[in-house]
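Peer 1: Handing you a structure now.
What follows is calculated from the coordinates using simple rules that are stated; it is not laboratory data. Treat the numbers as computed from the prediction; the structure is a model and nothing was measured. Here the Cβ positions follow ideal geometry from the backbone for every residue, glycine too, while neighbour counts run over all protein chains shown.
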Amino acid sequence: MLIKRPPSYHKLFFFRGMLLGMTVTLKHFILNLLRIRKIPTIQYPEKKRERSARFKGKHILTKKLDGSIRCTSCLLCQTACPARCIKITPSEHPDPKVEKFPISFQIDLLRCVMCGYCEEACPVDAIRMGQEYEWADYSESSFIMDKEYLSNRPALQGGVISKVNS
């Protein structure tokens, strides 16, 4: 014996919601087809997108006026980094006027979250966030940047000299 059940309204609400969603999608699809010239497309390799001055890209180690690295190995940037991507090995400087300097300074860009805390924590303006954003490469080891690369890479054209407390 078959029992006739009353119509379930939750199925009707499901189909109504699905139809409304498809209507919105179809409306946007048709509108974009009609005004195709107004869609903002950037032809990327030939034309680069403008970035704001606050953009945080690859790190830069600044230099003093004499060309040496400004970093004093205070380890504040390493401590402030939430991703723990900065590794500094401090050592005594041969010059008695200078307390410490970094033997090695490495940043693992694959771990970095580009927050800029290292830049804010540095008391001597030794580390900055640059404007570079093209980082494509094939090996993981190429994303570990050492102090020579961070201060003298080709994009910097000879390095960035910081004039703070020179």
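Peer 1: Above 26 Å lies some portion of the pair distances; for the chain, what is it as a whole percent of all C-alpha pairs?
Peer 2: Of the Cα pairs, 50 percent sit more than 26 Å apart.
Peer 1: Pick from Arg16, Arg54, Arg84: which is most flexible by mean-square fluctuation in a GNM of the chain where alpha carbon atoms under 10 Å apart are linked?
Peer 2: Highest fluctuation of the listed residues: Arg16.
Peer 1: Assigning unit charges at the beta carbon (Lys, Arg +1; Asp, Glu -1) and nothing else, what dipole magnitude in debye, to the nearest 20, does the chain show about its Cα centre?
Peer 2: 1500
Peer 1: Same structure again: Take the alpha carbon atoms of the stretch 19-86, find their radius of gyration, then divide it by 2.2 N^0.38 Å using N residues; give the quotient.
Peer 2: 2.16
Peer 1: If you don't mind, there's one more thing I want to ask. Anything over 21 Å Cα to Cα? Flag those among Lys100/Lys147; Lys56/Lys100; Lys58/Lys97; Lys58/Lys147, in the order listed.
Peer 2: Long pairs (Cα-Cα over 21 Å): Lys56/Lys100; Lys58/Lys97.
Peer 1: For helix 9-34, what angle does its Cα long axis make with the longest principal axis of the chain, in degrees from 0 to 90 and rounded to 10?
Peer 2: Value to nearest ten degrees: 60.
Peer 1: I've got another one for you. I'd like the Karplus ³J(HN,Hα) series for the stretch 115-129: coefficients 6.51, -1.76, 1.60, θ = phi - 60°, whole numbers in Hz, and an x wherever there's a Gly or Pro.
Peer 2: 7, x, 5, 5, 5, 6, 7, 5, x, 10, 6, 8, 10, 9, 9
Peer 1: In the chain, what % of DSSP beta bridges are antiparallel (nearest 5)?
Peer 2: 95
Peer 1: While we're here: For the stretch 59-156, go through all pairs of different Cα atoms, get the mean of 1/r, take its inverse, and jot down that Kirkwood value in Å. Don't skip to the answer; put the middle values down first.
Peer 2: Values: mean 1/r = 0.0718 Å⁻¹.
After inverting the mean inverse Cα-Cα distance, the result is 13.9 Å.
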